[in-house]
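Below is one structure, written out as structure tokens; comments come after it.
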Amino acid sequence: MRRSPDDEAPYAAGFRSTPREVADVALPVRGTLPDWLSGVLLRVAPALFEVGEQRYAHWFDGLARLHRFAFADGRVTYRSRFLRSRAYEEATRAGRIVHAEFATDPCRSLFGRVQAILEPTTTDNAVVSVNRIGGDVVALTETRLPVRFDPDTLETLGIHDFSTFVEGSVSTAHPHHDGASAYTYLISFGRRSAYHVHAVDHAGVERELARIPVERPSYMHSFGMSARRLILAEFPFVVNPLRLYLSGVPFIRNYRWDPTRGTTLTALDKETGAQVGRWSAPPLFAFHHVNAVEREDALEVDLVAYDDASVIDALYLARLRGSEPVRAVGRLVRLTLPAGGGDVTVRSLSDTPIELPRIDYPRHQGRPYRWVWGNGQAGADFLDSIVKIDLAGDPATNARVWREDGAWPGEPVLVRRPGSEAEDDGVLLSVVLDARAERSYLLVLDAATLEEIARAEAPEIVTFGFHGNFLGTPEDGPLHA
Ligand code: CO
């Protein structure tokens, strides 16, 4: 449904700056929290969308604030603090935007622009996700500057330094983990650009697994990992590296959609970094890989696909807050990469669109799996629901949906019930904006049925963000890897 041009979006309160920090407060709970639920949900989200007279342009740009929901004995407490990144400190001190972000450049001279995102002055505004690298709990954005923080106090501890031999300035906010290491990549731009794929073991020892030269680097938000492979999907949204230095426009605006290139998938051996396969697929775009599984005759790569990269434009703040609906979901698809090469097939896994996908990562990442959770968009406006997709079901009918009028939920994080066998035995934790009450609440759903178990009302609006993780028992996943 079209709104009047003067109306702001019905969920626009989720894109309003929230400058006030919150010390530990107990949240009123409606319903009964599972007595086994013990640990903390850590999330990060943009929470300052302007500094002085200047505004950030894009959802990915606002200054990062950490949110912590701590569960114990059927109770939940909440704390929230800004990440004291250099980007935050310098901007708030100067009263203007100082560091270049994904789609925002500070006003600066041409010389300054050259340095903007590619040099050590690049942003550490780690607004995208919370994860672990080596021994550090970090907030991440897509630069080589993860920011360490204390998961209890949310105190900022400083940059997680990669070794100086690690080349590259742009990275992913979605590292992978297995029992041994974290895996990530960095991209170096120049006359000789390259993807540098890295492993960081739990003692913090780094190895460059592979260096893949590339003429026109692709914009990639995440990558795939199966039991033995790392998989890079290069979508045909690419940049001439020189443009990054010379164009004078913000980072992402230098990228061009060129469908004639198709999508290139490269599989690397996780141990040695050796290239074990390279495939061409039809042109598509994705932010999120969901999972990857090795079969006898093929490698299956599941991701949330778009026909092109225009979704990035849809997520400019002016559009998100405006009167036109924003479609922010893609299609869950499976790319089947034949062992030994050959044509890639792309198959839709569900008719229900999804974004911010989650799986039972600790037990099923890289392995056969059945369930995908995420946000859906049942109405026209924006992400408005939580969905659970059954990969064993008929794509026409394989989704279950939680939705409530006036509620705008964020990424649902799965917490498995300790000792449980079933992949969907546990709860989903999602921060939901109640637009009418102008507050957020933490929603606890049964991960199997999507029925509400409890909700805990936050004392404020928690702005819309992207990703979080649960820090509980060692079985809970990436933060413990
Ligand atoms: Co993401």
For region 334-363, which residues satisfy the criterion of being crowded, with 20+ Cβ neighbours inside 10 Å, more than 16 Å from the ligand (Cβ to nearest atom) and of a type in the set (Asp, Glu)? Asp360
Mind listing just one residue for me: the one in region 219-246 that is in contact (Cβ under 8 Å) with a residue 40 or more places away in the chain and polar (S, T, N, Q) and, of those, farthest from Ala126 (Cα to Cα)? Ser226
Working only within region 82-127, note down all residues that are assigned to a helix (DSSP H, G or I) and at pLDDT below 65. Leu110, Phe111, Gly112, Arg113, Val114, Gln115
Please name all residue pairs, on different chains or six or more residues apart, with Cβ atoms under 8 Å, provided the first residue is in region 74-90 and is buried (at least 18 other Cβ atoms within 10 Å of the Cβ) and the second residue is part of a helix (DSSP H, G or I). Phe82/Tyr88
Going through Arg256, Arg321, Arg261, Arg331 one at a time, which residue ends up being within 21 Å of the chain's Cα centre (by Cα), free of Cβ contacts under 8 Å to residues at least 60 places away in the same chain, surrounded by fewer than 21 Cβ atoms within 10 Å (Cβ to Cβ) and more than 16 Å from the ligand (Cβ to nearest atom)? Arg331
Out of all the residues in region 271-291, which are of a type in the set (A, V, I, L, M) and away from the ligand (no atom under 16 Å from the Cβ)? Ala274, Val276, Ala281, Leu284
Being assigned to a strand (DSSP E or B) and away from the ligand (no atom under 13 Å from the Cβ) is the filter; apply it to region 128-138 and report the residue that is nearest to Pro362 (Cα to Cα). Arg132
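Using the structure shown, decide if Pro368 is surrounded by fewer than 15 Cβ atoms within 10 Å (Cβ to Cβ), within 30 Å of Asp201 (Cβ to Cβ) and modelled with pLDDT of 95 or more.
yes
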Looking at this structure, is Gly273 surrounded by fewer than 21 Cβ atoms within 10 Å (Cβ to Cβ), at positive phi and touching a Lys or Arg at 6+ places or on another chain (Cβ under 7 Å)? no
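Criterion first (within 24 Å of Thr345 (Cα to Cα) and surrounded by 17 or more Cβ atoms within 10 Å (Cβ to Cβ)) does Tyr219 satisfy it?
Values: within 24 Å of Thr345 (Cα to Cα): yes; surrounded by 17 or more Cβ atoms within 10 Å (Cβ to Cβ): yes.
Yes; evaluated as a whole, the condition is true for this residue.
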Among the residues that make up region 96-105, is at least one of them touching a residue at least 40 places away in the same chain (Cβ under 8 Å), within 28 Å of Leu33 (Cα to Cα) and among the hydroxyl-bearing types (Ser, Thr, Tyr)? no
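Go over the candidates Thr143, Thr184 one by one and state the one that is within 16 Å of the ligand (Cβ to nearest atom), touching a residue at least 24 places away in the same chain (Cβ under 8 Å), surrounded by 19 or more Cβ atoms within 10 Å (Cβ to Cβ) and farther than 23 Å from Asp302 by Cα.
Result: Thr143 is the single residue among Thr143, Thr184 that is within 16 Å of the ligand (Cβ to nearest atom), touching a residue at least 24 places away in the same chain (Cβ under 8 Å), surrounded by 19 or more Cβ atoms within 10 Å (Cβ to Cβ) and farther than 23 Å from Asp302 by Cα.
Here is a list: Arg43, Arg55, Arg68. Which entry is within 27 Å of Glu89 (Cβ to Cβ) and surrounded by fewer than 21 Cβ atoms within 10 Å (Cβ to Cβ)?
Arg55
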Kindly evaluate Thr449 against the criterion of being in a loop (DSSP other than H, G, I, E, B), in contact with a Lys or Arg (Cβ under 8 Å, 6 or more places away or on another chain) and of a type in the set (S, T, N, Q). yes
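The rows are residues; the columns are (1) at pLDDT below 95; (2) under 26 Å from Tyr361 (Cα atoms); (3) among the acidic types (Asp, Glu).
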| position | (1), (2), (3) |
| --- | --- |
| Leu145 | yes, yes, no |
| Tyr185 | no, yes, no |
| Gly190 | yes, no, no |
| Tyr195 | no, yes, no |
| Asp201 | yes, yes, yes |
| Pro250 | yes, no, no |
| Arg253 | yes, no, no |
| Arg256 | no, no, no |
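The values are calculated or read from the model by the stated rules, or taken from the named source; none is laboratory data. Just so it is clear, the structure is predicted and the values come from calculations on it, not from any experiment. Cβ atoms come from the backbone with ideal geometry, glycine included; neighbour counts cover every protein chain shown.
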